[in-house]
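A short worksheet on the structure shown next.
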Amino acid sequence: MTISPGAAASPPDTPPTPLLETTGLTQTFRLPTGAEVQAVSDVSFVLHRGETLGLVGESGCGKSTTVRTILQAPPPTAGTVTFGGIELTTTPPRQLRRLRRRMQLVFQDPHASMNPRWTVRDCIAEPLQVHRVGTSSSRNDRVHELMDLVGLDEGYLTSRPGSLSGGQCQRVAIARALALDPDLICFDEAVSALDVSIQAQILNLIARLRADLELTSIFIAHDLAVVKLVSDRIGVMYLGKLCEIGPAESLYRSPRHPYTKALLSAIPKPDPRHPDRLRRVNLRGELPSPTDPPSGCRFRTRCDRADERCSLDVPPLQTISPGHQVACHYPLSASAPVEMTPLPTRRANGVVGQSPTR
Amino acid sequence: MLDSTVPSIRSRARRLVGARIPVVVLAVLTAAAMVGPLFAPDSGSQDLRNARAGPLSPGHLLGTDGYGRDMLARTLEGARISIFVGVASVALCLLIGGTLGITAGYWKGRIDAGIMRVMDMVLAFPTLILALAIAAFLGPSLRNVVVAISFSTLPHYARLARATTMSITQRDFVSSSALLGAPHRHILWRHIAPNTVSPLLTYALLAIGMAIIVEASLSFLGLGVQPPTPSWGSMIAEGRPHLQGAPHVALVPGAFLFMVILSLNLLADSLRSGAPAAGLGR
Amino acid sequence: MHSSLSPSSVTDILEVDDLHVDFELPRGRLHAVRGASFSLGSGESLGIVGESGSGKSVTSRAIMGLLPATTARVKARTLRYGQHDLLDAPERVMRRLRGGEIAMIYQDPMRALNPIMRVGDQVAEAIRAHEPSLGRKELSTRVVGLLDAVRIPDANKRIRLYPHQLSGGMRQRIVIAMALAANPSILIADEPTTSLDVTVQAEILDLLGDLQEERGMGMILVTHDLGVAAWHTNRIMVMYAGRGVEHATTADLFEDMRMPYTRALFDSIPRVDMPPGSLLKSVEGRPVDPSNPPPGCAFRERCHLAVEICGTTAPPRRQVGSHWWDCWDDQEEKSVK
């Protein structure tokens, strides 16, 4: 299944070149109990150069596994991953190792992703060393350049990761990922473990780098506001399936998949006066076990629009507007935005006007 | 916020003080074993007039044994044997066991199953019995004692190295390196091996004591170093018949053995409590 | 300077005045809380908001008497629950208050639950701890009743499950049920939803808000997320480097943030209505080292309004009604957003 490039995703005068394309990406794990889990199921999307795709969804939805699978760690059990015109799933290991310099991953826990015995200099220089780029003095220059790029003082070059704060450590991780000028950087919950004010610093850094270096990236986070801030397009995942994918702005303004709507309505608004304090859409029941996902549409057990068709047919990802696709038999209409009944704000004396309905 | 996992300088210092006494004991003994034979009377010369003389007798600080040989000189020479066997067997184990364990832990699967099954078979025999059997089979000699001890204690090192490797392999910095495209060689040498060293060394320190005991046991049973070369084990064996009349002949090497083992254990304990900090920085 | 913080219509059941908590660590003394003051009326809900290192969790633990006696030194002008002085209360009294009168729930429900015990038995144990004479039949009715109260469907079946068989949200509900077992008059929730997914977070916050209201409990919601605090609180206190730096009714606070740190914290939060690609107004630098807090205002190095006096003398507390904040800057004229 090929997806037409989104018009909103890139300027109209330059034809967008897909950097990455996955079709039918599937990752199946076998649990020690013998049960099989389809952590990623039939995920297809295109990522253009210079574009950032955000992946959101709740824990266990397969967004991290999707990225690891794209990076062939481990390779998918089914489907294809085309990166810069090369089919990664059939690339021999030696060649794949060489290709890895063009795709990088930034991890969630910045401290765990550095060897505690190494200095910051060693950590940033490792990719250059592994791929034998330059001489030791040119590598050193590059390390200094990278430190500057991510806003780290050179005094930290000889520090060990353990003595850095989470934010500083994540800057080192980003510098390291940038060292080889990769075509693709994946951020796997890269700001989730940071404090709010530090998270803002790192998000701004990523935004600046994205603009300056024209990065192509996949950005994973469970915080939908964070993802929207850095993404051109956003994909929403539920139980290993891509439910909806589309331009960030329009997907948030008028979600077409019932799950996207529920997810968006649950975000706590940091402002009780805000007009968008949406009436929440509560999901029925609980997340089904990934070892035994519902037949047909995987979301149907919690969806109030579900009927018999949803339990029989798996809804395919269909284009409903340019660059916007949804996998639902009964998508929400674009004209009906999320209902905007403001939540009651509590009064100081403890009297509450109205309890939110559920 | 209360990051109490990072040991403070003061608590490290306290640990060092705790470790200081054993360190001094071991250092003095090692130094004495190295240079002692230059000063003490020749361990082979016999002073038959003073056979089995007690400690503090003229010319013999720790007395003499049944052949009139100076106990101090023989004990110090025995210390050389013990230290050599302890260090050599442990070094051999670290090298072979460490390599086997890292290999098994890193590659997993069939390689792991193969290596670990052999190790489990070795482990099924009691260490001392196995060492005895090997020493008896190979014939008594210093080299064979080292081989026997190494072989029978190897599985412990392999298991520890494997377990450590497996936990390090799960850490993000290893996957990060692999995702950079680093070859296995790089990951093994730069990430895995350095982080396995510190737990292995801590264990090795404890194991030196165990190796010394096994050596003493083998020598006690006559399967170790052959007379007239003195070893603590064989010295205790020689003194055993005279425990009534001249207890010092057995007690002096016994006391040295006790002191060394205790010091090594204390040292290993104090290092182990600090090992996580020195090791994985968690 | 504290008693006027809450409206006079409610009686304060909890009063904390000038709370200090120091930790004696091997590497030196750590000033975790350096003068926190607030009060809580019955049936009222207070949010304590701050980043890591702000002392918000230590404050809640100090109230519960849960800090390690060997390293923590707790001082306060007043630390009072009802008629009980929590500073000098003997452990016997504290044990009765904890769980009985003041209950607490934590971030990670798995750590509060015994992994090898059925959840129903754990709830039953919590009830029995305060009502030992309850008969078996009555006890099981109460367990099911509590699980219904925390909106666990099929309570009769769920009581037989072990914690690992439940989802994160269900586990947190069990922990809440256990906290409610003795009908506490104050519930302290320390980051109750941080480990949960956003849809589950919303449900748990609603549940906590409704329970607090139905039962007339006082609630202290400790969180790093202003958005979470805005949800179900009457008042919010913002903490920075061990001090309360701003306090107001929830509506007032968002209407008019006076302390620059509160503003900075608010501006740091990405919001769904921001267009993609927009930059956040972030503050540079990082929170102060709690072992060596600077003189004057702890926030001054990151503050764009800082002047010389901020570095030498602690800022004065300014107050308008129940809204107070600590700052040298006289913002009478600048309160426009």
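The values are calculated or read from the model by the stated rules, or taken from the named source; none is laboratory data. Since the model is a prediction, treat every value here as computed from it, not as a measurement. With ideal geometry, Cβ positions are generated from the backbone for all residues, glycine too; neighbour counts draw on all protein chains shown. These area figures cover heavy atoms from the full protein model, side chains too; ligands, DNA and RNA do not enter into them. Shrake-Rupley method; radii C 1.70, N 1.55, O 1.52, S 1.80 Å.
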Requiring at least 3 residues that are touching a Cys at 6+ places or on another chain (Cβ under 9 Å), the helices (runs of 4 or more DSSP H) wholly within the range C:210-328 are C:260-268
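For residues in the range A:211-226 being out of contact with any helix residue (DSSP H, G or I) (no Cβ under 8 Å at 6 or more places or on another chain) and open to solvent by less than 10 Å² (accessible area, probe 1.4 Å), which is farthest from A:Ile198 (Cα to Cα)?
Residue satisfying both the conditions and the ranking: A:Thr216.
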Matching residues in the range C:3-24 (modelled with pLDDT under 90 and either buried (at least 18 other Cβ atoms within 10 Å of the Cβ) or among the aromatic types (Phe, Trp, Tyr) (or both)) number 4
Reported set for the range A:198-256 where residues are among the hydroxyl-bearing types (Ser, Thr, Tyr), touching a residue at least 60 places away in the same chain (Cβ under 8 Å) and not in a strand (DSSP E or B) is A:Ser231, A:Ser250, A:Ser254
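Can you find a residue in the range A:48-62 that is acidic (Asp, Glu), open to solvent by less than 30 Å² (accessible area, probe 1.4 Å), more than 20 Å from A:Asp183 (Cβ to Cβ) and at pLDDT below 95?
The answer is yes, given that some residue of the range A:48-62 is acidic (Asp, Glu), open to solvent by less than 30 Å² (accessible area, probe 1.4 Å), more than 20 Å from A:Asp183 (Cβ to Cβ) and at pLDDT below 95.
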### Message
Could you go through the range A:225-232 and let me know if any residue there is among the hydrophobic types (A, V, I, L, M, F, W, C) and within 24 Å of C:Val238 (Cα to Cα).
### Response
yes
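Looking at C:Asp225, is it open to solvent by 10 Å² or more (accessible area, probe 1.4 Å), within 12 Å of another protein chain (Cβ to nearest Cβ), under 25 Å from A:Leu263 (Cα atoms) and in contact (Cβ under 8 Å) with a residue 12 or more places away in the chain?
Here the answer is yes, as C:Asp225 does meet what is asked.
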Taking the range A:301-315 and keeping only residues that are exposed (fewer than 13 other Cβ atoms within 10 Å of the Cβ) and under 17 Å from A:Tyr238 (Cα atoms), one is left with A:Asp304, A:Asp313
Of the residues in the range B:184-197 that are closer than 17 Å to B:Ser167 by Cα and open to solvent by 10 Å² or more (accessible area, probe 1.4 Å), the one that is nearest to the chain's Cα centre (by Cα) is B:Val197
Looking across the range A:106-130 at residues that are at the interface with chain B (Cβ under 7 Å from one of its Cβ atoms) and among the aliphatic types (A, V, I, L, M), the single one that is surrounded by the fewest Cβ atoms within 10 Å (Cβ to Cβ) is A:Ala112
Filtering the range C:24-73 down to residues that are at the interface with chain B (Cβ under 10 Å from one of its Cβ atoms), part of a strand (DSSP E or B) and within 25 Å of C:Ala248 (Cα to Cα) yields C:Ala32
Does C:Thr141 meet the test of being hydroxyl-bearing (Ser, Thr, Tyr) and touching a helix residue (DSSP H, G or I) at 6+ places or on another chain (Cβ under 7 Å)? no
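For the structure I just gave you, tell me whether A:Ile220 is modelled with pLDDT of 90 or more, in contact with an Asp or Glu (Cβ under 6 Å, 6 or more places away or on another chain) and more than 12 Å from chain C (Cβ to nearest Cβ).
Considered against the rule, which asks whether it is modelled with pLDDT of 90 or more, in contact with an Asp or Glu (Cβ under 6 Å, 6 or more places away or on another chain) and more than 12 Å from chain C (Cβ to nearest Cβ), A:Ile220 comes out as yes.
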The residue from C:Ala179, C:Ala189, C:Ala230, C:Ala202 that alone is touching a strand residue (DSSP E or B) at 6+ places or on another chain (Cβ under 8 Å) and more than 18 Å from C:Leu113 (Cβ to Cβ) is C:Ala230
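Yes/no per residue for (1) facing chain C (nearest Cβ under 8 Å); (2) at pLDDT 80 or above; (3) touching a Lys or Arg at 6+ places or on another chain (Cβ under 7 Å):
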residue	(1), (2), (3)
A:Arg233	no, yes, no
A:Met237	no, yes, yes
A:Ala248	yes, yes, yes
A:Ile267	yes, yes, no
A:Asp271	yes, no, no
A:Pro275	no, no, no
Checked against (1) surrounded by fewer than 19 Cβ atoms within 10 Å (Cβ to Cβ); (2) touching a residue at least 60 places away in the same chain (Cβ under 8 Å), C:Thr249 satisfies every condition except (1)
Of C:Ala76, C:Ala69, the only residue that is among the aliphatic types (A, V, I, L, M), closer than 17 Å to C:His31 by Cα and touching a residue at least 60 places away in the same chain (Cβ under 8 Å) is C:Ala76
Given the conditions (1) under 17 Å from C:Leu113 (Cα atoms); (2) among the β-branched types (Val, Ile, Thr); (3) touching a Pro at 6+ places or on another chain (Cβ under 7 Å), every one holds for C:Ile159 apart from (3)
Restricting attention to the range A:73-105, the residues that are at the interface with chain B (Cβ under 9 Å from one of its Cβ atoms), crowded, with 20+ Cβ neighbours inside 10 Å and closer than 22 Å to A:Gly235 by Cβ number exactly 3
Selection over the range B:198-244 where residues are farther than 19 Å from B:Arg143 by Cα and either under 16 Å from the mean Cα position of the chain (by Cα) or open to solvent by 10 Å² or more (accessible area, probe 1.4 Å) (or both) yields a count of 17
Among (1) closer than 26 Å to A:Leu71 by Cα; (2) within 8 Å of another protein chain (Cβ to nearest Cβ); (3) open to solvent by 10 Å² or more (accessible area, probe 1.4 Å); (4) modelled with pLDDT of 90 or more, A:Pro161 falls short only on (3)
Here, strands (runs of 3 or more DSSP E) confined to the range C:76-191 with at least 2 residues that are under 20 Å from A:Gly285 (Cβ atoms) and open to solvent by less than 20 Å² (accessible area, probe 1.4 Å) are none
Going through the range A:131-158 in order, the residues found to be within 12 Å of another protein chain (Cβ to nearest Cβ) and touching a residue at least 12 places away in the same chain (Cβ under 8 Å) are A:His131, A:Val133, A:Gly151
- request: Determine whether C:Ala72 is touching a Leu at 6+ places or on another chain (Cβ under 7 Å) and over 25 Å from C:Gly168 (Cα atoms).
  value: no
Of those in the range C:36-61 that are at pLDDT 90 or above, open to solvent by 10 Å² or more (accessible area, probe 1.4 Å) and not polar (S, T, N, Q), the residue nearest to the chain's Cα centre (by Cα) is C:Lys56
Worksheet item: Out of all the residues in the range A:223-246, is one or more of a type in the set (Lys, Arg) and touching a Leu at 6+ places or on another chain (Cβ under 8 Å)?
Response: yes
